[in-house]
Amino acid sequence: MKSHLEVWNTDRRWVQQDYFDGLERLLRTLGSPYDIAMNPTYSKSALRKIAREYTIKDIRKYIDGLYKIVQKHFIDSAAAASVAATSAPGPGSMTTQERDRIAATEESVGKTVLLGVWITCEDSLVKMTEGWRERVNQCYGETTSLDFGLSDVVSAFRRHRTGA
């Protein structure tokens, strides 16, 4: 089963992720990680270009977009379900207090699910970032690195946790 982050990446694929997926495939075929730098597609200059083009600002932008998608999916669908349940005519209509209680419960459930999904997305991107940093160190040495680190990714996700 794909994670929510992987589903989101299907529509908005990061060039950076494509680069590291290709790097992984190449590592499996080559004998040594040091041979990677000899491949023109995965040279140090290609990595520097990727690192220059995908900064922490871009990562924050992607995370903000992901949050809007996840929030819309869980909070808006919970609100729609609440409206549908409380506005349906039937014998013995609900009181305003009952409708408010159902709406509050639906919203609370939506926020709880949103938080769980958000934490899963954060964990997925943290693992991806750790893997990218390990590959950079393994193939290019510690002289070349990404523009952002794990703490940057975590802080970008945490900005949205208070809104959940």
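Observations
- Every pair of residues 6+ apart whose Cβ atoms lie under 8 Å, when the first sits in the range 123-135 and is free of Cβ contacts under 8 Å to residues at least 24 places away in the same chain while the second is assigned to a helix (DSSP H, G or I): Glu130/Leu150; Arg133/Leu150
- Counting only residues that are farther than 15 Å from Trp132 by Cβ and without any contact (Cβ under 8 Å) to a residue 12 or more places away in the chain, the range 14-44 holds 9 of them.
- Count - residues of the range 122-164 that are farther than 25 Å from Ser45 by Cβ and polar (S, T, N, Q): 4
Yes or no, residue by residue, for (1) outside any loop (DSSP other than H, G, I, E, B); (2) at pLDDT below 85:
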| position | (1), (2) |
| --- | --- |
| Met94 | no, yes |
| Thr105 | yes, yes |
| Val126 | yes, no |
| Cys139 | yes, no |
| Asp147 | no, yes |
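The values are calculated or read from the model by the stated rules, or taken from the named source; none is laboratory data. All values derive from a computational prediction rather than experimental measurement. Neighbour counts are summed over all protein chains in view; Cβ atoms, including those assigned to glycine, are modelled from backbone coordinates with ideal geometry.
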